[in-house]
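*Asks:* Starting off with a structure, shown below.
No value in this document is a laboratory result; all are computed from the given coordinates. Just so we're clear, the structure is a prediction, and the values are computed from it rather than from any experiment. A quick note on method: Cβ atoms are made from the backbone with ideal geometry, for glycine too, and the neighbour counts reach across all protein chains shown.
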Amino acid sequence: MRTMTLHSKWRLPAIAAFAAMLVPVPALAHPHVFADARLEVETSADGRVSEFRNVWRFDEVFSSSIVLDFDEDSNMELDAGELSKISDLVTHSLAEFDYYTTVSIDGRDVEIALPERINVAFQDGQLLMFFAVVPKEELRLTGKIAIGVFDPTMYASLDFIHDEDMVITGESASRCARKVVRPDPDEVMAQNQEFLTEAFFETTTNNDFSKLFATRLELDCK
C-alpha cells in the first residue's frame with residue numbers, strides 16, 4: 001500500500017475531507033487519497049445482475065488521520081459508535097456520485113439504486129469500506145456490460161491492483177466473457193488531443209474526463 005503527502009485541505013476532519021473530494025477540482029489533478037479496491041458483479045440463476053459488491057481498503061496515512069479525528073475516547077481505536085459516525089457521513093456524502101459506480105450496457109448508461117449504508121471497519125491499521133449497489137431496473141446478462149468504479153473528481157485513487165480484483169460471480173457467471181481494461185494515459189491523451197482544449201475543460205464534467213482513464217470491467221454476455 002502506498003503512502004501519501006497530506007494536502008492542506010486535509011487539516012479538516014479527515015472524513016470531512018473525504019466528502020470534500022466531491023467538490024470538482026481541476027482536470028488532471030493528482031489524487032490525495034489511495035485505496036485498494038475490489039468489485040464483484042454478482043449474478044442470479046435466471047441470468048440477471050443481482051448486485052455490484054464493492055470493497056475499498058484505504059492507505060495507512062489516510063486511515064491514521066481518520067483515527068485521530070474520530071477517536072473520541074482517545075484510546076487509539078475506533079469503536080462501533082465511532083465507526084457508525086464515519087459510515088453515516090460517507091453514506092450521505094457519496095450518494096450524489098452513485099458511490100463512484102458507473103454501469104452501461106451496449107453503451108447505454110444504467111441507473112443504480114444506492115445502498116442504505118456503507119459499512120465501515122478498521123483492520124490492520126487500515127480503514128475498510130464495503131457495500132453493494134443494485135440496478136434500478138432489471139439488468140439481464142446480454143450484450144456488452146461495462147462497469148467502472150472511480151472518483152470523478154480524481155481526488156481519490158481507487159486501484160484494482162490485479163485483474164482478479166474485478167470479477168463476475170454467482171450462478172450465471174459463466175454466461176459472460178470477462179475482460180479488465182486498463183487505459184494507458186498516454187494513449188488516452190493522444191487519442192483525445194483535439195478535444196482536450198480549454199473549451200473542453202470549461203464544458204465537460206469531471207466524470208466525462210476521469211472516465212477515460214478509469215480501469216473498468218467489461219462483460220460480453222450471450
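*Asks:* How do 161, 147 line up, fewest other C-beta atoms within 10 Å first?
*Replies:* Sorted ascending by nearby Cβ count, the order is 161, 147.
*Asks:* With the crude spin-label approximation of a point 7 Å out along Cα→Cβ, what separation in nm comes out for residue 137 versus residue 60?
*Replies:* 4.8 nm
*Asks:* I'd like the FRET efficiency for residue 68 and residue 162, computed as 1/(1 + (r/R0)^6) with the beta carbon distance as r and R0 of 41 Å, rounded to 0.05.
*Replies:* 0.85
*Asks:* Let me ask you something else. May I ask you to sort 104, 172, 84 by Cβ crowding, counting other Cβ atoms within 10 Å and putting the fewest first?
*Replies:* Fewest to most other Cβ atoms nearby, the residues stand as 84, 104, 172.
*Asks:* For residue 76 and residue 211, what does the FRET efficiency come to when R0 = 30 Å and r is the distance between their Cβ atoms, rounded to the nearest 0.05?
*Replies:* Computed FRET efficiency for residue 76 and residue 211 comes out at 0.15.
*Asks:* Let me ask something additional. Taking 0.36 nm per residue of sequence separation and subtracting the Cα-Cα distance, how much length would be gained by fully extending the chain between residue 180 and residue 121, in nm to one decimal?
*Replies:* So the extension gain works out to 18.5 nm.
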